[in-house]
């Protein structure tokens, strides 16, 4: 997690990340739940795990973006169930040796209680979870200052919803 500022509010980037992870969790709830259960089961068995381990065990239907795996560890880490152990390179070739968090179980009893309290959800391979959008390749971003200054952007900012012309015609 990003260091917090003096007021203990998360910086803007952290706030946006948290919002995106919450949206992923809401829109892909059964897959996130399944991945959390798999992560805890691997940790209880092996002591350490990465999202590569989880991704290998959780099959996603075609059309479901694997970004949802980003929402998996946050809740468990904040609850003190798991903790970051180290950074390791991914084993997935398509991820170009990107660094991943290696997770370690922080509290066996909490992990067991979490698993008992969070039964698997129905496998939603059709219907609501697939119909909810989140799998766009790009998130909306604000227009660049250069485009705004050059007058190449009109209308509202896709993030803030504010008029990009600042009241100018």
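Which of the residues belonging to the range 34-69 are surrounded by fewer than 19 Cβ atoms within 10 Å (Cβ to Cβ), in contact with a strand residue (DSSP E or B) (Cβ under 8 Å, 6 or more places away or on another chain) and within 18 Å of residue 120 (Cβ to Cβ)?
Matches in the range 34-69: 44 only.
How many residues does the range 37-52 contain that are assigned to a helix (DSSP H, G or I) and either outside the structural domain of residue 114 (by TED's automatic domain parsing) or at pLDDT 95 or above (or both)?
The number of residues fulfilling the criteria is 10.
Just name the residue that is nearest to residue 100 (Cα to Cα) out of those in the range 51-76 that are free of Cβ contacts under 8 Å to residues at least 60 places away in the same chain and more than 14 Å from the chain's Cα centre (by Cα).
52
The values are calculated or read from the model by the stated rules, or taken from the named source; none is laboratory data. Computed from a prediction, not measured in an experiment: that's the story for all the values here. Counting neighbours? That spans all protein chains shown, and the Cβs are built from the backbone with ideal geometry, glycine included.
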